[in-house]
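Just below is one structure, and these are the notes that go with it.
The values are calculated or read from the model by the stated rules, or taken from the named source; none is laboratory data. Keep in mind that what you see is a predicted model, and the values were worked out from it rather than measured. FYI the Cβ positions are ideal-geometry reconstructions off the backbone, even for glycines, and counts take in every protein chain you see.
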Amino acid sequence: MDKKQLYKQSIFVSVILSTLGVLTLYHLFASEMNESLNSIEGAWIVLIFILIRICVLSGMSSYILRKWFSQEQQYLSDIPFLFGMFFLVLTFGKALDILTNFTYYTLDAETFLILLKIRHLVIILTITPMLYLSVEMILFIKSLNKTEQGLNDKKYRDRLKIKIILTIFIIETVAVLLYPNTFIAGIVMAIIMMPSLIIITWMFYFTYKNKRLTQVHSLILSIGFGMYTVSQVTRALLQNIIGEIALYIIISEIIDLIIFLIIFTGLIKKIKI
């Protein structure tokens, strides 16, 4: 089996297993979800908006991964692969949002906290491909500095990159597994998400200013991730103002859809040099 077929089968199996996992959770909490859908005003509209997001994100992922497989050679550090996985994991994250949104009022606090932790672990997985790209670019840039002689060795740089990503991933995972309630969960995720998103936003702006990553439009990507960073703050404020109601979720979904369309545009639009 060649490398391309191995990658295709690995992604296919991962998608099937993830889909089965989400459907199993839907089955386990079907009565609680149905209760919310039939009793909360605007619940069906919320479901429609989230399903639209899922369809758009899955389409983005499929397009980008097909583009990656159309290359002569496939490398896991390729931008199309990293963004393809970013959108793919985000798709399953939105599927889990259906679960958490429609069990928020109907599950006991302990059980809901478990579901929320599953969702937050998926968020960590979602952001990991972009962190991988950011760390890779930062180490490469530092390798150009004469004072960082050790980073000139690509193998050493790759090992260091993996160590950094694994360390970040383990710390974030432990933080999610250990938070005791939903209030602390919000604080923990803000601490996890904000630095990561700021680094990603800065990285794309830096590559734009220095004319790197010319196969994508780094400025648009920087704007998109910058908007996503701001939206995470405004979402928390909006939630405190109007509460976890249908209007809040719908507004959040519309804003996020616009932001990810901007990010997708930056990905498929090459920058003019």
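Name the one entry in Ser61, Ser36 that is at pLDDT below 95 and within 24 Å of Ile123 (Cβ to Cβ).
From the options Ser61, Ser36, the qualifying one is Ser36.
Kindly check whether there is at least one residue in the stretch 171-179 that is out of contact with any helix residue (DSSP H, G or I) (no Cβ under 6 Å at 6 or more places or on another chain) and closer than 25 Å to Lys142 by Cβ.
Yes: one or more hits.
Give me the helices (runs of 4 or more DSSP H) completely within the stretch 23-105, filtered to those with at least 2 residues that are touching a residue at least 40 places away in the same chain (Cβ under 8 Å), out of contact with any Asp or Glu (no Cβ under 8 Å at 6 or more places or on another chain) and surrounded by 21 or more Cβ atoms within 10 Å (Cβ to Cβ), ordered by residue number.
Because the criterion is at least 2 residues that are touching a residue at least 40 places away in the same chain (Cβ under 8 Å), out of contact with any Asp or Glu (no Cβ under 8 Å at 6 or more places or on another chain) and surrounded by 21 or more Cβ atoms within 10 Å (Cβ to Cβ), the helices (runs of 4 or more DSSP H) in the stretch 23-105 that meet it are 43-69, 79-101.
Could you say which residue among Met227, Met203 is hydrophobic (A, V, I, L, M, F, W, C), farther than 30 Å from Ile114 by Cα and in contact with a helix residue (DSSP H, G or I) (Cβ under 6 Å, 6 or more places away or on another chain)?
Step by step, each of Met227, Met203 is checked, and only Met203 is hydrophobic (A, V, I, L, M, F, W, C), farther than 30 Å from Ile114 by Cα and in contact with a helix residue (DSSP H, G or I) (Cβ under 6 Å, 6 or more places away or on another chain).
Going by what's in this entry, would Ile162 be described as within 30 Å of Phe112 (Cβ to Cβ) and either β-branched (Val, Ile, Thr) or not in a helix (DSSP H, G or I) (or both)?
no
Go through (1) at pLDDT below 90; (2) out of contact with any helix residue (DSSP H, G or I) (no Cβ under 9 Å at 6 or more places or on another chain) one by one and return the number of the condition Ile192 breaks.
Against the list (1) at pLDDT below 90; (2) out of contact with any helix residue (DSSP H, G or I) (no Cβ under 9 Å at 6 or more places or on another chain), Ile192 comes up short only on (2).
Pairs needed: first member in the stretch 249-273, under 30 Å from Ile40 (Cβ atoms); second member anywhere, β-branched (Val, Ile, Thr) and not in a helix (DSSP H, G or I); C-beta distance under 8 Å; at least 6 residues apart or different chains.
If the second residue must be β-branched (Val, Ile, Thr) and not in a helix (DSSP H, G or I), no pairs are left.
For the stretch 1-22, enumerate the residues that are outside any helix (DSSP H, G or I) and among the charged types (D, E, K, R).
Asp2 - this is the single residue of the stretch 1-22 that is outside any helix (DSSP H, G or I) and among the charged types (D, E, K, R).
Could you please find all residues in the stretch 226-249 being among the hydrophobic types (A, V, I, L, M, F, W, C) and either at pLDDT below 85 or touching a Gly at 6+ places or on another chain (Cβ under 9 Å) (or both)?
Within the stretch 226-249, Val233, Ala236, Leu237, Leu238, Ile241, Ile242, Ile245, Ala246, Leu247, Ile249 meet the criteria.
So, in the stretch 195-229, of the ones that are in a loop (DSSP other than H, G, I, E, B) and of a type in the set (S, T, N, Q), which residue ends up farthest from Pro80 (Cα to Cα)?
Asn210
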